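Structure record follows, encoded as structure tokens.
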Amino acid sequence: MNAVLKQVGTTPPRRDASDKVSGNATYSADVALPGMLHAKVLRSPKAHARITSIDVSAAREMPGVRAVLTYRDVPAHFMPVYGYFIKDQPLVAVDTVRYIGDIVCAVAADSEAAAVAALREIKVTYEELPVVATIEQALADGAPQLFEQAPVGIVPPYGTGASAQLRPRNNVCYQFNYRTGSEDAFARCDHVYEDEFRFSRMTHYHLEPFVSVADARAERIQVWASCQNPFPLRKELARMFKVGEHRVTVNVPYVGGGFGSKNNVKTEAVAVMLSMLTGRPVRLCLTMEEGFLTNTQHAAILRLKTGVMNDGTLIARSSEILLDAGAYSDASPLVAEKAGYRIPGPYRWRFIDTRCLCVMTNTAPAGPFRGFGGTQASWASESQIDMIARRLNIDPYDMRVKNLLALGDPFVPGESGVDSDMKQGLDVVCEEIGYHRRERRTTGTTRRGIGIAIGFKDGGGVNKPAQARVKMSTNGDVFLHCGTVEIGQGAHTALPQIVAEVLNTRLDRVSYAAIDTDHVPFDQGTNASSGVAVMGQAVVRAAEGVRRQVLEFAAAQLDAPVAALALDDGAVVYGDQRHPLGVLVMRHFGGTGFEFSADGFFKAPSDHRAPLEAPCVFWEIGWGAVEVEVDTETGQLKIVKLVASGDTGRSIHPLVCRGQEDGAALMGLSQVLFERMIYDDCGNLLNADPLTYRVPLAEDLPPEFVTITQEQGHGPGPFGAKGAGEATILPIASAVANAIEDAIGVRLTRLPITPVDILQALSMTEGYNP
């Protein structure tokens with residue numbers, strides 16, 4: 001590798017910047033094919049009901065209508081259900097609807113207006129069934145079941161200490177367990193504390209809607225999709241429609257935000273089925289309001305039992321996590337793995353016992369969300385750490401430092417070592433917020449407080465493989481082929497930077513090939529902050545393969561040892577002589593030219609000693625510190641200063657990393673202050689639109705907002721890099737709650753935190769006099 005890095009660590013313009021700010025960027029919503037129809041879906045107005053009849057005869061006669069899809073129109077040999085571990089969500093409802101918004105049927109017409117008009121003519125009658133809209137209702141004795149018959153599902157293999165079960169009890173589709181150590185550890189503790197925390201449900205609120213265009217003609221299925229995982233989507237569509245994967249092509253242009261929601265099937269299957277029925281391309285684009293009904297973050301109840309010694313030494317933690325999976329399983333089993341695995345936090349324990357249950361309710365399905373189970377786990381874990389420290393009259397900083405895993409320590413037995421110095425990272429945010437210099441400040445009814453927290457998650461995905469291909473042309477131009485989707489995180493800039501560094505060429509000579517599953521090597525998906533740490537390693541190996549081929553070829557042409565040669569911007573350097581690659585190639589191959597090509601592959605090695613069957617690729621860690629003002633008369637909460645920091649190991653593109661940390665931290669702040677999908681006990685979503693669902697405005701930015709990108713250099717990725725983009729969402733909610741307790745001495749354990757919550761908590765304290 002070059003002694004002086006030329007491309008890595010620099011801030012060239014983002015590859016997608018010009019297209020996006022000029023309006024020239026192409027998204028799936030922009031795809032238009034000749035003869036394309038437009039689809040709309042009819043959604044259930046009932047939270048739980050049996051469909052007794054569907055009359056679509058009038059809709060089929062409407063002007064411009066080309067097809068109406070009900071379950072009766074799906075060929076019997078298809079498998080029209082989908083999901084990750086559990087195949088339970090139907091293409092369109094068969095006999096039962098399970099939440100308000102469940103798709104009952106769909107229309108393809110010449111225009112969206114014609115499709116919407118046809119939906120109004122469809123007559124559906126329902127026999128209402130009992131509703132379970134909350135976790136408590138779903139788990140109550142005698143609660144009605146969402147699925148009377150068990151859908152097809154699997155439990156993947158797990159390693160030491162981990163296990164899982166399908167349908168362990170009524171309305172629980174999956175349960176993940178992790179256990180290590182001896183339970184008698186609790187008996188040796190000086191104190192055992194039990195606390196419960198509530199985590200609110202959020203919508204992903206991506207600006208680009210769920211959208212796809214499908215062309216299922218000529219015995220092929222072509223899809224243009226706004227998705228984060230084109231290859232798993234290809235596999236699922238092939239399975240559902242009973243065709244070989246070689247007959248399915250998924251194309252992914254720019255994706256306008258996903259935050260985890262745009263994984264697996266969303267709009268694609270309905271569009272494909274309508275295209276099959278009409279023999280024409282079909283576009284299905286949901287409204288933003290429909291996005292609220294498509295995929296959400298999991299609400300959760302987290303119950304922690306923690307044993308500790310008088311001096312603050314952590315001994316044992318037992319956890320029960322109840323995730324609200326909604327009406328269908330989606331990726332809930334995967335989120336359960338992560339929430340259950342991450343609940344111990346970044347600390348040393350002698351005993352860990354975790355159960356995480358995916359509870360099914362008559363609400364919108366829940367799936368992956370930025371932080372992927374880590375947001376729920378960090379909220380509860382870091383809140384309780386502070387609570388215990390204050391109960392023991394120990395400074396929360398000191399208690400954390402006393403128990404933190406050190407650099408290189410395995411997270412749990414069989415797992416990889418922690419790759420950040422967590423005390424160093426905590427000291428960075430504490431210094432910026434002035435934690436050790438803080439003074440209790442009171443002005444009238446306003447009190448100030450400071451809180452800190454550490455967010456901790458395994459990164460890079462579980463057993464995630466990645467492949468990449470790099471090609472160099474006759475004249476030294478370079479082509480990168482890989483399946484990492486540009487969802488705004490800057491991957492299509494950072495990965496070419498890595499290639500340019502390895503091949504010692506200008507960044508503008510490296511192109512990023514369009515993503516389609518026919519031509520791009522396999523990638524499991526763009527998630528888990530894996531673009532640099534996982535795919536980046538595959539990219540490095542592919543680029544190194546090309547460099548090796550070029551130098552070996554040039555060595556033969558120049559009668560020189562390979563070790564004496566170097567690449568420099570499309571030329572081979574031997575001594576003080578530059579030999580343009582094109583000249584060498586043409587001399588050997590003649591006018592036909594040539595192309596050097598190499599593939600790279602990376603996957604963490606499987607190891608049954610690791611609880612998730614493969615050691616974690618890297619650890620994504622975020623540190624947060626918050627200063628707040630609380631008015632004890634009104635309950636008004638003001639964020640005076642917000643500090644967030646993540647360790648990127650080595651920043652490939654520092655400005656991109658900064659943007660990711662800014663965005664993640666503000667999403668964390670939004671979680672604690674504003675965002676909540678409000679369901680009533682009948683399964684009605686009361687704020688399912690952008691006007692009534694509260695997100696931060698520019699005026700909600702704290703007066704001081706600081707993000708600090710640490711480059712500790714211990715990452716496993718190219719040049720010491722780690723993944724970035726999720727770390728700083730993790731600690732913010734608990735840091736705010738910790739700061740509130742520091743200010744006014746009351747603890748909030750439910751998100752979001754509102755002035756009403758603060759006043760109610762104050763009213764329960766002894767001696768409170770508003």
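Restricted to the stretch 1-55, and to residues that are basic (Lys, Arg) and more than 25 Å from TYR254 (Cβ to Cβ), which residue is surrounded by the most Cβ atoms within 10 Å (Cβ to Cβ)?
LYS46
Identify all residues within the stretch 264-300 that are buried (at least 21 other Cβ atoms within 10 Å of the Cβ) and among the hydroxyl-bearing types (Ser, Thr, Tyr); write none if there are none. Matches in the stretch 264-300: THR267, SER275, THR294, THR296. The set of residues in the stretch 241-253 that are surrounded by fewer than 22 Cβ atoms within 10 Å (Cβ to Cβ) and in contact with a Phe, Trp or Tyr (Cβ under 7 Å, 6 or more places away or on another chain) comprises LYS242, ASN251, PRO253.
Yes/no per residue for (1) open to solvent by 20 Å² or more (accessible area, probe 1.4 Å); (2) more than 28 Å from ASP386 (Cα to Cα):
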{"position": "VAL155", "(1), (2)": "yes, yes"}
{"position": "ASN170", "(1), (2)": "yes, yes"}
{"position": "ALA185", "(1), (2)": "no, no"}
{"position": "SER226", "(1), (2)": "no, yes"}
{"position": "PHE259", "(1), (2)": "yes, yes"}
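Taking the criterion of being touching a residue at least 40 places away in the same chain (Cβ under 8 Å), more than 21 Å from PRO209 (Cα to Cα) and among the hydrophobic types (A, V, I, L, M, F, W, C), the residues of the stretch 675-714 that qualify are CYS682, PHE705, VAL706, ILE708. The requirement of being aromatic (Phe, Trp, Tyr), part of a loop (DSSP other than H, G, I, E, B) and either at pLDDT below 95 or surrounded by fewer than 20 Cβ atoms within 10 Å (Cβ to Cβ) (or both) is satisfied by TYR768.
Kindly evaluate ILE100 against the criterion of being β-branched (Val, Ile, Thr) and over 25 Å from LEU166 (Cβ atoms). So ILE100 passes the test.
Just one of the listed residues (ARG658, ARG587, ARG676) is part of a helix (DSSP H, G or I) and under 20 Å from the mean Cα position of the chain (by Cα), namely ARG658.
How many of the residues making up the stretch 188-204 are closer than 30 Å to LYS262 by Cα and open to solvent by 40 Å² or more (accessible area, probe 1.4 Å)?
So the answer is 1.
State which residue is farthest from the chain's Cα centre (by Cα) when the search covers only the stretch 144-202 and only residues that are among the acidic types (Asp, Glu) and not in a loop (DSSP other than H, G, I, E, B). Among those residues, the one meeting the criterion is ASP184. Residues in the stretch 597-634 that are at negative phi, in a loop (DSSP other than H, G, I, E, B) and either under 25 Å from the mean Cα position of the chain (by Cα) or without any contact (Cβ under 8 Å) to a residue 12 or more places away in the chain (or both): LYS603, ALA604, PRO605, SER606, ASP607, ALA610, PRO611, LEU612, ALA614, PRO615, CYS616, VAL617.
Among the residues of the stretch 135-146, those identified as open to solvent by 20 Å² or more (accessible area, probe 1.4 Å) and among the hydrophobic types (A, V, I, L, M, F, W, C) are LEU139, ALA140.
Across the stretch 671-686, the number of residues qualifying as open to solvent by less than 30 Å² (accessible area, probe 1.4 Å) and within 24 Å of ILE732 (Cα to Cα) comes to 4. The residue that is farthest from ALA106 (Cα to Cα), counting only those in the stretch 301-311 that are crowded, with 21+ Cβ neighbours inside 10 Å and not β-branched (Val, Ile, Thr), is GLY307. Screening GLU544 on (1) closer than 23 Å to ASN229 by Cβ; (2) among the acidic types (Asp, Glu); (3) crowded, with 16+ Cβ neighbours inside 10 Å shows it passes everything except condition (1). Restricting attention to the stretch 424-463, the residues being among the charged types (D, E, K, R), over 22 Å from GLU711 (Cβ atoms) and buried (at least 20 other Cβ atoms within 10 Å of the Cβ) number 1. Do you know which residues across the stretch 56-91 are open to solvent by 30 Å² or more (accessible area, probe 1.4 Å), part of a loop (DSSP other than H, G, I, E, B) and among the aliphatic types (A, V, I, L, M)? Answer for the stretch 56-91, where residues must be open to solvent by 30 Å² or more (accessible area, probe 1.4 Å), part of a loop (DSSP other than H, G, I, E, B) and among the aliphatic types (A, V, I, L, M): MET62, ALA76, MET79.
Tallying residues that are open to solvent by 20 Å² or more (accessible area, probe 1.4 Å), of a type in the set (Asp, Glu) and in contact with a strand residue (DSSP E or B) (Cβ under 7 Å, 6 or more places away or on another chain) within the stretch 482-526 yields 2.
Here's the yes/no breakdown for (1) over 19 Å from SER53 (Cβ atoms); (2) open to solvent by 60 Å² or more (accessible area, probe 1.4 Å); (3) assigned to a loop (DSSP other than H, G, I, E, B):
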| residue | (1), (2), (3) |
| --- | --- |
| ALA93 | no, no, yes |
| TYR99 | yes, no, yes |
| VAL104 | no, no, no |
| ALA114 | yes, no, no |
| GLU121 | no, yes, yes |
| VAL124 | no, no, no |
| PRO130 | yes, yes, yes |
| ALA133 | yes, no, yes |
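The set of residues in the stretch 450-506 being among the acidic types (Asp, Glu) and outside any loop (DSSP other than H, G, I, E, B) consists of ASP458, GLU501.
Please verify whether the stretch 433-441 includes one or more residues that are modelled with pLDDT of 95 or more and part of a loop (DSSP other than H, G, I, E, B). Within the stretch 433-441 (the criterion being modelled with pLDDT of 95 or more and part of a loop (DSSP other than H, G, I, E, B)), the answer is yes, since at least one residue qualifies.
Listed by first and then second residue, the pairs linking a residue in the stretch 10-25 that is of a type in the set (S, T, N, Q) and at pLDDT below 95 to a residue that is surrounded by 15 or more Cβ atoms within 10 Å (Cβ to Cβ) and part of a loop (DSSP other than H, G, I, E, B), with Cβ atoms under 7 Å apart and 6 or more places separating them unless they lie on different chains, are THR11/HIS653.
Check the stretch 573-584 and report whether any residue there is assigned to a helix (DSSP H, G or I) and open to solvent by 30 Å² or more (accessible area, probe 1.4 Å). Yes; the residues of the stretch 573-584 include at least one that is assigned to a helix (DSSP H, G or I) and open to solvent by 30 Å² or more (accessible area, probe 1.4 Å).
Number of residues in the stretch 223-244 that are in a helix (DSSP H, G or I), closer than 23 Å to GLY461 by Cβ and in contact (Cβ under 8 Å) with a residue 60 or more places away in the chain equals 6. Given the condition farther than 20 Å from ASP477 by Cβ and in contact with a Gly (Cβ under 6 Å, 6 or more places away or on another chain), answer yes or no: does some residue in the stretch 548-562 qualify? The answer is no, given that none of the residues of the stretch 548-562 is farther than 20 Å from ASP477 by Cβ and in contact with a Gly (Cβ under 6 Å, 6 or more places away or on another chain). For the stretch 401-423, the condition of being open to solvent by less than 10 Å² (accessible area, probe 1.4 Å), part of a helix (DSSP H, G or I) and of a type in the set (Gly, Ala, Ser) holds for none of the residues. Suppose we keep only residues that are in contact (Cβ under 8 Å) with a residue 40 or more places away in the chain and not hydrophobic (A, V, I, L, M, F, W, C) within the stretch 62-83. Which one would you say is nearest to ALA108 (Cα to Cα)? Ranking the qualifying residues of the stretch 62-83, first place goes to ARG66. Of all the criteria given as (1) crowded, with 24+ Cβ neighbours inside 10 Å; (2) hydroxyl-bearing (Ser, Thr, Tyr); (3) assigned to a strand (DSSP E or B), the one not satisfied by SER329 is (3).
The values are calculated or read from the model by the stated rules, or taken from the named source; none is laboratory data. Just so it is clear, the structure is predicted and the values come from calculations on it, not from any experiment. Glycine also receives a Cβ, built like all others from the backbone with ideal geometry; neighbour counts cover every protein chain displayed. Each accessible area value is taken on the protein alone, full model and side chains, heavy atoms only, with ligands, DNA and RNA left out. Shrake-Rupley method; radii C 1.70, N 1.55, O 1.52, S 1.80 Å.
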